[in-house]
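Asker: Shown below is the structure under consideration.
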Amino acid sequence: MFQFGFNMFHEISRPFNMTYRCYSVSMLPGNERQDVERGGKIIMPPSALEQLTRLNIEYPMIFKLTNKKSKRLTHCGVLEFVADEGRVYLPHWMMANLVLEEGALIQIESVSLPVATFSKFQPLSEDFLDITNPKAVLENCLRNFSCLTTGDVIAIKYNSKVYELCVLETKPGNAVIIIECDMNVEFAPPVGYKEQDHVSRSNDGAVEGMDEDPAAMMPESSGFRAFSGEGNRLDGKKKKLISESDSEPGTSQPRQSYVRGIPDYDFVIGTLRFIRNSRPAKDPKEEAQTEPFQAFTGEGFTLRTAKSKN
């Protein structure tokens with residue numbers, strides 16, 4: 001009478017819930033995996049992938065990691081399924097957030113998170129302020145993350161230096177997914193940051209003297225200077241002063257033009273190079289042969305040719 005097909009009802013996804021022993025990425029056999037340390041993804045065993053496919057898990061795969069002893073949790077993605085059976089490998093900063101030791105038990109559960117719309121970060125060091133464009137650097141580093149959890153302290157690497165950032169706030173929830181999303185990012189002042197101390201530290205050295213014109217620090221030109229005399233009127237009156245520099249013509253001396261130095265692109269760290277502008281000594285015989293300068297010693301010529309008297 002009635003025939004029911006096998007695909008008549010949609011298959012309901014079931015949650016993934018397993019317990020593994022966790023280890024840091026440095027314990028992973030083989031070559032060093034810096035790509036795992038720089039992101040927010042873990043490495044799971046192949047049996048986990050087989051079980052996830054049978055449970056019809058939603059993609060992208062997002063997991064909630066829970067340390068039952070400390071009652072701390074975080075969220076992450078998965079990078080590969082190449083770990084040994086019964087083990088998972090986590091980044092060092094993630095193990096520090098969960099207060100985990102090598103070989104400790106951790107519960108991994110599959111979850112579904114909302115898409116991120118806003119997040120706020122707080123650097124844990126004032127050195128983060130030295131980055132020229134922190135939003136661009138953070139955007140590039142977050143490509144290795146799948147999700148963010150409020151309260152986590154993530155680690156990003158830039159210019160061979162690791163910066164730690166605390167996730168203060170995420171919207172629309174305490175845990176959000178950041179894959180293919182349009183997320184607004186804000187930064188809170190670093191921990192222990194004082195504006196006056198940072199300004200005084202940044203003004204040390206050459207930055208403090210940037211208010212002064214570099215041309216004013218150049219030495220005054222010596223020797224012959226063209227058009228350096230003063231003008232006088234025929235009626236005996238004094239000329240009108242156009243600018244303040246004309247009020248004291250004797251004191252204002254022209255200075256050399258400021259030319260910025262060219263950096264040495266072949267410089268090797270740890271070497272000192274002493275450059276001397278030495279000129280070869282002149283031969284005294286050549287100096288004696290040169291005749292002194294005499295003004296108006298040239299010869300004159302006329303355009304008209306002389307007429308012969310015949």
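Asker: Could you tell me which trypsin sites (Lys or Arg not before Pro) in region 19-73 are loop residues by DSSP with no more than 15 other beta carbons within 10 angstrom of their beta carbon?
Answerer: On the way: sites: 21, 33, 38, 41, 54, 64, 68, 69, 71, 72; in loops: 33, 38, 68, 69, 71.
Filter output for region 19-73: 68, 69, 71.
Asker: Something else now. Put a dot 7 Å past each Cα toward the Cβ at residue 135 and residue 307; how far apart are the dots in nm?
Answerer: Here the answer is 9.1 nm between the modelled labels.
Asker: Given 0.36 nm per residue, what is the gain on full extension from residue 232 to residue 181 after removing their alpha carbon distance, in nm?
Answerer: Extra length from residue 232 to residue 181 when fully extended: 10.8 nm.
Asker: Going down the list 64/157; 41/68; 69/161; 71/120; 71/157; 71/194, which pairs span over 30 Å between their C-alpha atoms?
Answerer: Violating the 30 Å limit, Cα to Cα: 69/161; 71/194.
Asker: Determine the per residue accessible area of region 118-187 with all protein chains present and a 1.4 angstrom probe, expressed in square angstrom.
Answerer: 52
Asker: Whole number in Å², please: accessible area per residue of region 17-110, 1.4 Å probe, ligands, DNA and RNA not counted.
Answerer: Value returned for region 17-110: 51 Å² of accessible area per residue.
Asker: Please compute the length gained on full extension between residue 143 and residue 268, using 0.36 nm multiplied by the number of residues separating them and subtracting their Cα-Cα distance.
Answerer: Details: separation 125, 0.36 × 125 = 45.00 nm, distance 3.43 nm.
Working it through step by step, the gained length comes to 41.6 nm.
Asker: Between residue 115 and residue 157, take the C-beta separation as r, use R0 = 22 Å, and let me know the FRET efficiency to the nearest 0.05.
Answerer: For R0 = 22 Å, the calculated efficiency reads 0.25.
Asker: Let me ask another. If I model a spin label as a point 7 Å beyond the Cα along the Cα-Cβ vector, how far apart are those points for residue 17 and residue 49 in nm?
Answerer: Modelled inter-label distance: 2.6 nm.
The values are calculated or read from the model by the stated rules, or taken from the named source; none is laboratory data. Computed from a predicted model, the values in this text were never measured in an experiment. Glycine gets a Cβ as well: all are built from the backbone with ideal geometry, and neighbour counts include every protein chain shown. For accessibility, only protein heavy atoms count, side chains too; no ligands or nucleic acids. Shrake-Rupley method; radii C 1.70, N 1.55, O 1.52, S 1.80 Å.
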